[in-house]
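Report on the following structure.
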Amino acid sequence: METLKTIWDKIQKYKDDDNEEQEYTWKPEKCTEYTVPVFSLPSTDAPGSKAKLNSQLSKVLAFIDLNKQRRYSDCCTIMPIPTTNKRLISICGNHRQVSRLIQFMITIGLIEVESNNYSFNHRKDSDNYCKTYRYYVENEEKVKDYCQEHSVNMFHWKNRREKGMGTLLDTCKITSFEPSEVRFSSELHLLKPDNYSVKQFEDYLEDVLYINYPQLDHYQKVADEINEEYYKEYPDLQIRFKPNIKWNKGNKSVKSIGIRATNQLVGAKKEYDPEYQGMYRSEVLEKYKLNLRKDVRSSVPRVTSLLNFGYWVSEDVDFYEIIFNELEREEKRRGTLLDTCKFDEIRHIIKDLHMSGYFDTENMLSKNTFWKMHHDGNYDEVISVMESFKDAVEKAEGGVLYSNEVFYHESCIYLDVLKHLLDDGFFVWEVYDEWFARQEGWTQEEYEQYVTDLVEDIANNYILEIE
């Protein structure tokens, strides 16, 4: 008979982490034998060409700034430049414009193609392959010299976009859905009107998000203030907090809108992997001399409970034990047995399966679980166990689950925490629900208690402001 433990055991048997989502990260490769290409800018004789060149160069300066801590200063650097990198998209506008920027940098001699066969983040599906390029620091200096001589300023990307499509919001009524349906969620079906371009529709949706989430504008400003005041010289640590809109195939409708505060290094791996080519967490900690650490225990359940009950549950409370108790009650009600394991023996399983139980719809939870088991089991029994598990998750966390909207609220709370820590003199690297830091005179125990209390205070204030 299938139980939560037998299901988990079969998932582990077939587990393959190659498809895990990770933020883009990479390590530079040194190249000491090379010929620097000729630095050459296009002619500016034609009307409007000077302004166009300056616009392109302002984005090149932003690219240079983004990579200034990772490129070598005394030789050529080999680096990947994926067009899907969200920071580059923030600079350029979209994937196509990133490709155009890359081509322009090749044309002027800042970079050259090295290879077509780089797979970043240890992901082997073809969408995550990108070219590597040779980056010439010698021509970087020539770009900066030209820009200084001709008063070309670096493009500064912002999390907060200027609102004010206004005319579309005021005059174009979309009948296929109500504005209230535009939410941070992975369960959307927002049809694009035929007379809207993809960009127009995305701009419209973002303007509606500012209405539906009044705090979004404020917290994007917080992220921008952090980047300007504390991370100006540390582009890898700069916070990106912008909506991520996902389309169904064919770009006829939007299926998901998500948002989460991230930076270039959140994908740094914890454990060694011979095929991984990015930075490891230990390398980041060593680079920035970070000796203090605090993470929020079971962050998603805790934030969900905050939204449902209106107060922050102490980290002394183990949500996975609450889920276990609810699951036992649910299994007894159904007349089935959980298994003979005690909570301490099964806690890691509940923790591991929690995100599936939280984010998968009821219809998809059993199908996805059975697929991860490679169909090795009794499907009807898997349905029964996973339905009980999802019910237990819902009841333990307050009765309502929030899809990926939970990451919006989590990010807002933790951006306030990050800002307070930085203002208090800590140097901090935030990784989702975790703050690595340094400051003279602080012990790990003092720091951990300080952040624990800070999170609770900020979370309780946050829920009062949004209610």
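The values are calculated or read from the model by the stated rules, or taken from the named source; none is laboratory data. These numbers were taken from a predicted model, which means no experiment stands behind them. Virtual Cβ from ideal backbone geometry, glycine too; neighbours counted across all protein chains shown.
Can you tell me which residue is surrounded by the most Cβ atoms within 10 Å (Cβ to Cβ) among those in the range 1-53 that are modelled with pLDDT of 90 or more and of a type in the set (Val, Ile, Thr)? Filtering first and then ranking leaves VAL36. Of the residues making up the range 433-462, those that are of a type in the set (Phe, Trp, Tyr), assigned to a helix (DSSP H, G or I) and closer than 21 Å to LEU285 by Cβ are TYR447, TYR450. Modelled with pLDDT of 95 or more and part of a loop (DSSP other than H, G, I, E, B): does that describe SER58? Answer is no for this residue.
In this structure, is LYS5 in a helix (DSSP H, G or I), in contact with a Cys (Cβ under 8 Å, 6 or more places away or on another chain), in contact (Cβ under 8 Å) with a residue 40 or more places away in the chain and not polar (S, T, N, Q)? Spell out how you get there, then give the answer.
Values: in a helix (DSSP H, G or I): yes; in contact with a Cys (Cβ under 8 Å, 6 or more places away or on another chain): yes; in contact (Cβ under 8 Å) with a residue 40 or more places away in the chain: yes; not polar (S, T, N, Q): yes.
Answer is yes for this residue.
For the criterion of being touching a residue at least 12 places away in the same chain (Cβ under 8 Å) and either under 28 Å from the mean Cα position of the chain (by Cα) or not assigned by TED's automatic domain parsing to the domain that holds GLN439 (or both), LYS372 passes.
Of all residues in the range 404-437, those that are of a type in the set (D, E, K, R) and surrounded by fewer than 17 Cβ atoms within 10 Å (Cβ to Cβ) total 3. Each residue in the range 286-299 was checked for being in a helix (DSSP H, G or I) and closer than 21 Å to ASP453 by Cβ, and 1 pass. Within the range 265-285, does at least one residue satisfy the condition of being part of a loop (DSSP other than H, G, I, E, B), exposed (fewer than 15 other Cβ atoms within 10 Å of the Cβ), touching a Ser or Thr at 6+ places or on another chain (Cβ under 9 Å) and at pLDDT below 95? So far as the range 265-285 goes, yes, one or more of its residues are part of a loop (DSSP other than H, G, I, E, B), exposed (fewer than 15 other Cβ atoms within 10 Å of the Cβ), touching a Ser or Thr at 6+ places or on another chain (Cβ under 9 Å) and at pLDDT below 95. For the range 374-402, the set of residues classified as surrounded by 16 or more Cβ atoms within 10 Å (Cβ to Cβ), modelled with pLDDT of 95 or more and not in a helix (DSSP H, G or I) consists of GLU397, GLY398, LEU401, TYR402, listed by residue number.
Condition check ((1) outside the structural domain of GLN97 (by TED's automatic domain parsing); (2) in contact with a helix residue (DSSP H, G or I) (Cβ under 9 Å, 6 or more places away or on another chain); (3) not basic (Lys, Arg)) across all residues:
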residue	(1), (2), (3)
PHE184	yes, yes, yes
HIS218	yes, yes, yes
LYS221	yes, no, no
GLY250	yes, no, yes
TYR272	yes, no, yes
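Scan the range 336-350 and give yes if some residue there is crowded, with 20+ Cβ neighbours inside 10 Å, within 27 Å of the chain's Cα centre (by Cα) and under 30 Å from ARG438 (Cα atoms), otherwise no. So far as the range 336-350 goes, no, none of its residues is crowded, with 20+ Cβ neighbours inside 10 Å, within 27 Å of the chain's Cα centre (by Cα) and under 30 Å from ARG438 (Cα atoms).
Looking at the range 320-334, is at least one residue farther than 23 Å from HIS348 by Cα, free of Cβ contacts under 8 Å to residues at least 60 places away in the same chain and either among the acidic types (Asp, Glu) or surrounded by fewer than 16 Cβ atoms within 10 Å (Cβ to Cβ) (or both)? Before the answer, list the steps.
Step one: of the range 320-334, the residues farther than 23 Å from HIS348 by Cα are 333-334.
With free of Cβ contacts under 8 Å to residues at least 60 places away in the same chain added as a condition, the list becomes 333-334.
Now drop any that are not either among the acidic types (Asp, Glu) or surrounded by fewer than 16 Cβ atoms within 10 Å (Cβ to Cβ) (or both), which leaves 333-334.
Checking the range 320-334: at least one residue is farther than 23 Å from HIS348 by Cα, free of Cβ contacts under 8 Å to residues at least 60 places away in the same chain and either among the acidic types (Asp, Glu) or surrounded by fewer than 16 Cβ atoms within 10 Å (Cβ to Cβ) (or both).
Within the range 178-187, the set of residues being surrounded by 15 or more Cβ atoms within 10 Å (Cβ to Cβ) and modelled with pLDDT under 95 comprises PRO179, SER186. Please indicate, with yes or no, whether at least one residue in the range 409-431 is of a type outside the set (D, E, K, R) and touching a Ser or Thr at 6+ places or on another chain (Cβ under 8 Å). Within the range 409-431 (the criterion being of a type outside the set (D, E, K, R) and touching a Ser or Thr at 6+ places or on another chain (Cβ under 8 Å)), the answer is no, since none of the residues qualifies.
So, in the range 54-95, exactly how many residues are farther than 15 Å from MET154 by Cβ, surrounded by 13 or more Cβ atoms within 10 Å (Cβ to Cβ) and more than 29 Å from the chain's Cα centre (by Cα)? Quick ask: steps written out before the conclusion?
Residues of the range 54-95 that are farther than 15 Å from MET154 by Cβ, as a first pass: 69-86, 89, 93-95.
Of the ones still in play, those that are also surrounded by 13 or more Cβ atoms within 10 Å (Cβ to Cβ) are 69-72, 75-86, 89, 93-95.
Remaining after also requiring more than 29 Å from the chain's Cα centre (by Cα): 75-76.
The number of residues fulfilling the criteria is 2.
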